[in-house]
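The values are calculated or read from the model by the stated rules, or taken from the named source; none is laboratory data. Computed from a predicted model, the values in this text were never measured in an experiment. So basically every Cβ, Gly included, is an ideal-geometry build from the backbone, and we count neighbours across all protein chains shown.
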Amino acid sequence: MRSGEFHTSYRADMAIFDTARARRVLAVFLVVLFAVPLVGSSYWLDVLNRAAIAVIAATGLNILTGFTGQISLGNAAFLAIGAYSTAYLAAHGVPFFAVIPASGILAALAGMVFGVPSLRLKGLYLAMATLAAHFIVEFAVTHWDSVTGGVNGTSVPPPSVFGLALANDRTLAFLILPVCILTLWFAKNLFRTRVGKAFVAIRDQDISAEVMGVQVFRFKVLAFGVSSFYVGVAGSLLAYHARIISPENFPLSLAIDQLGMIIIGGLGSVLGSILGAIFLTLLPEVLRLLTSALSGQFPALVQLFAPLKLGVFGITIVLFLIFEPDGLAARFRRIRNYFRLYPFSY
Amino acid sequence: MEFFLQVLLNGLVVGSIYSLVALGFVIIFKSSGILNFAQGEFLLLGAYVFLAISSAHAPIGAALLLTFAFSAILGLVLERLVLRPLIGEPIISVIMVTLGLSSLLRAIVQGIWGTDTRPLPSVFSLDPIQLGPLPIARGYLYSAGCVAVLLVVLTLFFKYARPGIAMRATADSQQVALSMGISVRRIFALSWSIAAVVSAIGGILLATMRGGVDGSLAILGLKVLPAVIVGGLDSIGGAILGGLLIGVLENLSGGYLDPVFGGGVKEVAPFVALVLILMVRPYGLFGKVRIERV
Amino acid sequence: MHSIRTALLVLCAAAAARAQAPAGGEIKVGGIFDLTGITSDVGKPFAQGVRDGVSWTNDNGGINGKKIRLVDVDYGYKIPEAVAAYKRMVGDDKVVMINGWGTGDTEGLKAQVNQDKIPYLSASFSGHLTDPSKTPYNFFVAPSYSDQLRAWLHWVKDDWKDKSRNPKVAFFYGDNAYGKAPIEAGRRYCKEIGVDLVDEQIVPGAFQDATTQLLNMKQKGADYAYINVTTTGVSTILRDAKKLGLATKFGSNPYGFSEALPQVAKEAAEGVTGVMPHVPFGEKVSGMKRLMEFHQKNHPQDTHDALYVRGWTYVLVWTEALKRADKAKALTGEGVKAALETFKDFDLGGLTEPVTYTPTDHRPSTKTPIYQVKGGKLAKVAEYEMPRKSEWLGL
């Protein structure tokens, strides 16, 4: 009978998986996950891919906002930079395994540029500067027609593996899911390193962090870079998935959605980014299922879907912030702990 | 030259509306330190409620008063239900809750009134007033007048009225205000209702000028942010000046740069200015510099 | 826990309702509409027209006895939403064709549509969609935006009485694919017929104020201006022009001009001309009879406009194609496309010009009526037929 967890070494305390069982559960989960693309319908595969992309982007945002405490409303802009880099490079014949990291790096560079104001700006003022970054990038992609195709958008050739084009959601899932897992594994490890701990120190109190010898500015900019790299990779996959990208793919509401994901999932938690991203990706789909099932009886529902989606998003955010400020990750941990020590949990 | 003057004048009058909306932001921020991203929706809701009441054949004065009453109550309720539980939470939570609120309010408006432009009875004639060689729209003149009056009223309020002084005290230090017997909660609630009413005035003015109400009015909430930040989040005078500045900047860049870049500069210019100004003055032009201690 | 169980039950019920096997002989048609986006002012009456047209068809024999099921979605005028909706409709719902809406999304989807062989009748009259060698599966029911603009420019030329100089024209258009669609064609046609294009002003998707754009235009001294945005935007521009006391004569594209314009823009709409490929609701033409009957029977209180009529004409065209395809035992995407391409002067009872599609030319018609607001009412003032020049195909 288990009575709790007892770590006898620092090493064990820092391990990614605190028990062998967690490792086994994860292995089973991964097998199931990779079986889904073989059987799922095209609609749900589309949802799966979008969710996986959202997970990467939300993890990136969480590194910046949740772990380092720098608020960013510019996430949609960095997604756009990643996506347009991909569109441009892929159209010039660069293979996908080079395109995806390159898009990430370009987005990271842009992120670091926009991260420079974080040296002087904090809190609300920083949020405003990143909001400005959003509008500036939006202007650039709308008007730099020769590269971005302007308002008409640009099409992205599908990635190809040994001459086989990954042109549908089924095949694309085998690209998106591994990238997603890779980035999550990296994120999980990041916070076991010096750099990750410096990020957290900055979040908790940047002046104290500086006193303790953390070079605040360097690490803030680095956080912007790492975060934007993630978001750029997500943008790259988004471009491959959407096949046509236009400025409309990257509205401000997308940045707000992603902030919503990490709020709902849990700030400063990799698991939270995953749960929040999945939750907010599935939410409109569930609503859509409900409304389309009921629209036979109530035709007005089709028209109410958009406000309904918006309203449910809003109320979910508000309710989570008031009643579960630590997000789904905290709830998940509580439930897991309940079952872990079952039947002697209290 | 005439073109320049005309663009400048237009910038000033449009800016006066921005100032009005910016005032709403500042009033809330000044007392409670919250930047309310749902301000645009307050404006939208005010305009729609005014529309609903006045289309029930209520006299304009009554419709205005009812709308103000509604907005004041809305501000109170939201503060009580949504914002108060979040006192002391990190800034990101507070930003997100107002963003969530803005989605929710917009959805409610869309659900009730749809997305069509609802025509509003014309209050002002469309014929312009001639200011020398320059035509100027009547609606804008009224709005500039309104802003001037509100500015005076609010300045007097913060200077002489007891609640106004209490609000300033709260902004200065909540602890000291509390120990002086000021109910900080009541001050927060008051600031939210004042801001909601001011926004409703802005919404009604805009709607009458455009001859109709639709969801795009809420964009003002975002457009005004540069004005608020440039002026400094906690300065009433800064908000007014910021609004005028941004209005002029927007119109000048629209007049001179849009033809060069093929549109869109007018929308992005305020944000470029915002970044540049923040680089030089991290707390805006008139904002209070905060000294941080560990 | 209880609430979770209830939610799950509702969800299962929903999934079950969705998965219900289609009744024998049902034909699924996709509908991608804008009910809440920036063009919803005109998107809603159009969608209503399509829906009513479908119910009318189903009440009157369907497609040779088979019922049509319209799988419709509101995409809020967002290209990504349209792409997602398209994927669902083609992948899961297996629709045979789609009735779409905007220019941006239609042009964005054109490669996909071609790959999946899904006939795509959209409410975008973009000239880029008329060349079957590039867009074989795209159709629409009106003269192209480009031909409409040419017709309006032609009207300008005729209306201009001062023979000492050419009329000066300005274009106002939205910063999106729809706004920009006919502009290049317009630029070239201005040169051809001797109209001086003096200015182009771009407005954002949703805007409250067009004053700076109008002031710029005033600088250039435009005598006429063509506005290529939807009704709400046209109204804003007209009202701002009135506030500035401009003397420019304005004209509008067919999505900015209908019975709704004088209602929204009020006195500022007076004298404005507009392209109207579909007749106003209630016009005395033979084709209007079934619309009036349906209107009387189902929703006599509602008001309708030319956009509603436009929605109907789409249904009348594609149901005829479905009937022809069904007769030929080819109720597939390819079959419907082939059926559409057999249309030769297909008569819509005066609701719009007779429709012709051929395998080499998808311009349904090139005749454009021009209306003017007179005393708050719409009155037809002219009509121009453009030649079917091959170099204009796809422009």
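In segment A:314-328, the residues that are more than 20 Å from A:LEU287 (Cβ to Cβ) reach residues that are outside any helix (DSSP H, G or I) with C-beta atoms within less than 7 angstrom, at least six apart or across chains, in these pairs: A:PRO325/B:GLU89; A:ASP326/A:GLY266; A:GLY327/A:GLY266; A:GLY327/A:LEU267. Here's a check for you: in segment C:90-118, which residue that is of a type outside the set (A, V, I, L, M, F, W, C) and more than 13 Å from chain A (Cβ to nearest Cβ) is nearest to A:ILE245 (Cα to Cα)? Checked segment C:90-118; the qualifying residue nearest to A:ILE245 (Cα to Cα) is C:GLY100. Number of residues in segment B:224-265 that are in contact with a helix residue (DSSP H, G or I) (Cβ under 7 Å, 6 or more places away or on another chain) and farther than 24 Å from B:VAL26 by Cα equals 11. Filter segment A:106-154 down to residues that are crowded, with 19+ Cβ neighbours inside 10 Å and among the polar types (S, T, N, Q) and give me whichever is nearest to the chain's Cα centre (by Cα). Only one residue fits best here, namely A:THR130.
Assess whether B:ALA58 counts as being away from chain A (no Cβ under 14 Å), under 22 Å from B:GLY212 (Cβ atoms) and without any contact (Cβ under 8 Å) to a residue 12 or more places away in the chain. If you could, list the steps in order and put the result at the bottom.
On the way: away from chain A (no Cβ under 14 Å): yes; under 22 Å from B:GLY212 (Cβ atoms): yes; without any contact (Cβ under 8 Å) to a residue 12 or more places away in the chain: yes.
Yes.
Within segment B:6-34, restricting attention to residues that are under 15 Å from B:LEU83 (Cβ atoms) and among the small types (Gly, Ala, Ser), the residue that is modelled with the highest pLDDT is B:GLY24. For segment A:259-346, the helices (runs of 4 or more DSSP H) that sit wholly inside it and include 2 or more residues that are aromatic (Phe, Trp, Tyr) are A:301-323, A:327-340.
Checking the condition at the interface with another protein chain (Cβ under 10 Å from one of its Cβ atoms) and loosely packed, with under 15 Cβ neighbours inside 10 Å, which residue from A:LEU294, A:LEU289, A:LEU319, A:LEU310 passes? Break it down stepwise before answering.
On the way: A:LEU294 fails: loosely packed, with under 15 Cβ neighbours inside 10 Å; A:LEU289 fails: loosely packed, with under 15 Cβ neighbours inside 10 Å; A:LEU310 fails: loosely packed, with under 15 Cβ neighbours inside 10 Å.
After applying the criteria, what remains is A:LEU319.
So which of B:ALA196, B:ALA189, B:ALA200 ends up being in contact (Cβ under 8 Å) with a residue 12 or more places away in the chain, touching a Phe, Trp or Tyr at 6+ places or on another chain (Cβ under 6 Å) and more than 12 Å from chain C (Cβ to nearest Cβ)?
Working: B:ALA189 fails: touching a Phe, Trp or Tyr at 6+ places or on another chain (Cβ under 6 Å); B:ALA200 fails: touching a Phe, Trp or Tyr at 6+ places or on another chain (Cβ under 6 Å).
Selected residue: B:ALA196, the only one of B:ALA196, B:ALA189, B:ALA200 that is in contact (Cβ under 8 Å) with a residue 12 or more places away in the chain, touching a Phe, Trp or Tyr at 6+ places or on another chain (Cβ under 6 Å) and more than 12 Å from chain C (Cβ to nearest Cβ).
Here A:LYS188 meets the list (1) of a type outside the set (Phe, Trp, Tyr); (2) in a helix (DSSP H, G or I); (3) under 23 Å from C:LYS110 (Cβ atoms) almost entirely, failing just condition (3).
Determine whether segment B:232-247 contains at least one residue that is part of a helix (DSSP H, G or I), over 18 Å from the mean Cα position of the chain (by Cα) and under 21 Å from B:LEU12 (Cα atoms). Looking through segment B:232-247, none of the residues is part of a helix (DSSP H, G or I), over 18 Å from the mean Cα position of the chain (by Cα) and under 21 Å from B:LEU12 (Cα atoms). Out of everything in segment B:1-50 that is surrounded by fewer than 23 Cβ atoms within 10 Å (Cβ to Cβ) and in contact with a Pro (Cβ under 9 Å, 6 or more places away or on another chain), what residue ends up being farthest from B:MET209 (Cα to Cα)? Going through the qualifying residues, I end up with B:GLU2.
Of B:PRO128, B:PRO119, all but one fail to be surrounded by fewer than 20 Cβ atoms within 10 Å (Cβ to Cβ), free of Cβ contacts under 8 Å to residues at least 12 places away in the same chain, in contact with a strand residue (DSSP E or B) (Cβ under 6 Å, 6 or more places away or on another chain) and of a type outside the set (Phe, Trp, Tyr); the exception is B:PRO128. Residues of segment C:84-100 being touching a Phe, Trp or Tyr at 6+ places or on another chain (Cβ under 9 Å) and either outside any helix (DSSP H, G or I) or of a type in the set (A, V, I, L, M) (or both), which ones? Of everything in segment C:84-100, those that are touching a Phe, Trp or Tyr at 6+ places or on another chain (Cβ under 9 Å) and either outside any helix (DSSP H, G or I) or of a type in the set (A, V, I, L, M) (or both) turn out to be C:ALA84, C:ALA85, C:MET97, C:ILE98, C:ASN99, C:GLY100.
Only residues that are surrounded by fewer than 23 Cβ atoms within 10 Å (Cβ to Cβ) and free of Cβ contacts under 8 Å to residues at least 24 places away in the same chain were counted in segment C:304-337, giving 5.
Before we move on, is B:ILE219 of a type in the set (A, V, I, L, M), at pLDDT below 85 and surrounded by fewer than 18 Cβ atoms within 10 Å (Cβ to Cβ)?
Values: of a type in the set (A, V, I, L, M): yes; at pLDDT below 85: yes; surrounded by fewer than 18 Cβ atoms within 10 Å (Cβ to Cβ): yes.
When the stated conditions are applied, B:ILE219 passes them.
Of A:VAL211, A:VAL231, all but one fail to be in contact (Cβ under 8 Å) with a residue 12 or more places away in the chain and either within 19 Å of A:PHE114 (Cβ to Cβ) or out of contact with any strand residue (DSSP E or B) (no Cβ under 6 Å at 6 or more places or on another chain) (or both); the exception is A:VAL231.
State all residues of segment C:184-226 that are away from every other protein chain (no Cβ under 13 Å), under 15 Å from C:THR248 (Cβ atoms) and in contact with a Leu (Cβ under 8 Å, 6 or more places away or on another chain); if no residue qualifies, say none. Spell out how you get there, then give the answer.
Step one: of segment C:184-226, the residues away from every other protein chain (no Cβ under 13 Å) are C:185-197, C:222-226.
When the remaining residues are screened for being under 15 Å from C:THR248 (Cβ atoms), the result is C:195-197, C:222-226.
Passing the criteria: C:VAL195, C:TYR226.
All told, C:GLY53 meets the bar of being buried (at least 24 other Cβ atoms within 10 Å of the Cβ) and over 17 Å from C:THR106 (Cβ atoms). Filtering segment A:248-278 to residues that are within 14 Å of chain C (Cβ to nearest Cβ) and not hydroxyl-bearing (Ser, Thr, Tyr) leaves A:GLU248, A:ASN249, A:PHE250, A:PRO251, A:LEU252, A:LEU254, A:ASP257. Taking the criterion of being facing another protein chain (nearest Cβ under 7 Å), surrounded by fewer than 20 Cβ atoms within 10 Å (Cβ to Cβ) and not hydroxyl-bearing (Ser, Thr, Tyr), the residues of segment B:83-97 that qualify are B:PRO85, B:LEU86, B:GLU89, B:ILE91. I'd like the residue in segment A:103-123 that is free of Cβ contacts under 8 Å to residues at least 24 places away in the same chain and assigned to a helix (DSSP H, G or I) and, out of all such residues, is farthest from the other protein chains (Cβ to nearest Cβ). Applying the filter and picking the extreme gives A:VAL113.
Given the condition part of a helix (DSSP H, G or I), closer than 27 Å to B:GLY114 by Cβ and either within 13 Å of chain A (Cβ to nearest Cβ) or modelled with pLDDT under 90 (or both), answer yes or no: does some residue in segment C:66-80 qualify?
Within segment C:66-80, the first condition is being part of a helix (DSSP H, G or I), and the residues that meet it are C:79-80.
Still in the running and closer than 27 Å to B:GLY114 by Cβ: C:79-80.
Going one step further and asking which of them are either within 13 Å of chain A (Cβ to nearest Cβ) or modelled with pLDDT under 90 (or both), we end up with C:79-80.
Yes - at least one qualifying residue is present in segment C:66-80.
Select from segment B:193-230 the residues that are within 20 Å of B:LYS266 (Cβ to Cβ), touching a Gly at 6+ places or on another chain (Cβ under 6 Å) and not aliphatic (A, V, I, L, M) and list them in ascending order. Answer for segment B:193-230, where residues must be within 20 Å of B:LYS266 (Cβ to Cβ), touching a Gly at 6+ places or on another chain (Cβ under 6 Å) and not aliphatic (A, V, I, L, M): just B:GLY221.
Scanning segment C:33-43 for residues that are out of contact with any Ser or Thr (no Cβ under 6 Å at 6 or more places or on another chain) and at pLDDT 90 or above yields a count of 2. There is no residue in segment B:162-176 that is within 26 Å of B:PHE4 (Cα to Cα) and either assigned to a helix (DSSP H, G or I) or touching a residue at least 12 places away in the same chain (Cβ under 8 Å) (or both). Scanning segment B:222-235 for residues that are crowded, with 24+ Cβ neighbours inside 10 Å and within 14 Å of chain C (Cβ to nearest Cβ) yields a single hit, B:VAL224. Close Cβ contacts (under 6 Å, 6 or more residues apart or on different chains) running from residues in segment C:34-45 that are farther than 16 Å from C:ARG310 by Cα to residues that are crowded, with 24+ Cβ neighbours inside 10 Å and at pLDDT 85 or above comprise C:THR36/C:ASP74; C:GLY37/C:TYR77; C:ILE38/C:TYR77.
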